[in-house]
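Working notes for the structure below.
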2 protein chains.
Amino acid sequence: MIVKTPEPPYYAVIFTFLRTEVGNNDYSLMSKKMIELASVQEGFLGVESAREEIGITVSYWKDLKSIKDWKENFDHKIAQTKGRSTFYRTFKVRISKVERDYGFDSLKD
Amino acid sequence: MIVKTPEPPYYAVIFTFLRTEVGNNDYSLMSKKMIELASVQEGFLGVESAREEIGITVSYWKDLKSIKDWKENFDHKIAQTKGRSTFYRTFKVRISKVERDYGFDSLKD
């Protein structure tokens, strides 16, 4: 679903990646667990995710401190290591400040 | 592909959407045309895109002026109108400033 974020400013972590060809089941389990775990972190606002040729996961956060704390989370650190050793061929993480947003909803307009 | 962006700061436009169930061919053609057109705009740095339940398209730009100019582009404006009337059930556009990034490439490390 499209996340209902608060009024800007808030932060977006744009994570884009190419998967390796191994460990699909393990990867699904890990992804699911990480989203559950992120969801209970202080400052987490939501996550949007899609994958075709490349994968894109955008997570939204209240501030930079929340992002830093999540990066240092113990179970998340284990997942990061597993990501580099096994699941990802390449990835990029971009930490960005959302300055403005607007939307459209055909059911409302 | 994952875009090779320059050193931050630069800008990311995070566009997330749910499609309607109509016009798949027209939509593909329009998407392709818009990406071709964006690619030749001043300040365009690249685009990453994936769609499953939701669609996510992140385009990268040198500065806010490039984003504004692209929003005002004549053909893009026609596409925006068509998007609201036909292709999108709902969407959200988030304009964000990338402050920091890092990556991993298994072929290089």
**Study point:** Test: residue in the stretch A:1-10 that is of a type in the set (Phe, Trp, Tyr), surrounded by 14 or more Cβ atoms within 10 Å (Cβ to Cβ), touching a residue at least 60 places away in the same chain (Cβ under 8 Å) and over 21 Å from residue B:50 (Cα atoms)
**Key:** yes
Revision key, fill the gap. Residue A:95 passes all but one of the listed conditions (1) under 21 Å from residue A:26 (Cβ atoms); (2) of a type outside the set (D, E, K, R); (3) in contact (Cβ under 8 Å) with a residue 60 or more places away in the chain; the exception is number (1)
Revision key, fill the gap. Among (1) surrounded by fewer than 17 Cβ atoms within 10 Å (Cβ to Cβ); (2) modelled with pLDDT of 95 or more, residue B:23 falls short only on (2)
Review point. Looking at (1) away from chain B (no Cβ under 14 Å); (2) among the basic types (Lys, Arg); (3) touching a strand residue (DSSP E or B) at 6+ places or on another chain (Cβ under 9 Å), which is the only condition residue A:4 fails?
Key: (1)
Point to revise | Residues satisfying the stated conditions in the stretch A:84-103, i.e. surrounded by fewer than 19 Cβ atoms within 10 Å (Cβ to Cβ) and more than 7 Å from chain B (Cβ to nearest Cβ) | key: A:85, A:86
Practice item. For the stretch A:28-39, state whether one or more residues are of a type outside the set (A, V, I, L, M, F, W, C) and touching a helix residue (DSSP H, G or I) at 6+ places or on another chain (Cβ under 7 Å). Key: no
Practice item. Give the stretch B:10-42 a look and list any residue that's closer than 19 Å to residue B:68 by Cα, away from chain A (no Cβ under 14 Å) and over 13 Å from the mean Cα position of the chain (by Cα), or say none. Key: B:40, B:42
Exercise for review: From the list A:108, A:92, A:97, pick out the single residue that is out of contact with any strand residue (DSSP E or B) (no Cβ under 8 Å at 6 or more places or on another chain) and of a type in the set (Lys, Arg).
Suggested key: A:108
Review point. Does residue A:21 satisfy being under 22 Å from residue B:17 (Cβ atoms) and acidic (Asp, Glu)?
Key: no
Point to revise | Residue that is farthest from residue A:36 (Cα to Cα), among those in the stretch A:46-74 that are without any contact (Cβ under 8 Å) to a residue 40 or more places away in the chain and more than 12 Å from every other protein chain (Cβ to nearest Cβ) | key: A:65
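The values are calculated or read from the model by the stated rules, or taken from the named source; none is laboratory data. Since this is a predicted model, take the numbers as computed values, not measurements. So basically every Cβ, Gly included, is an ideal-geometry build from the backbone, and we count neighbours across all protein chains shown.
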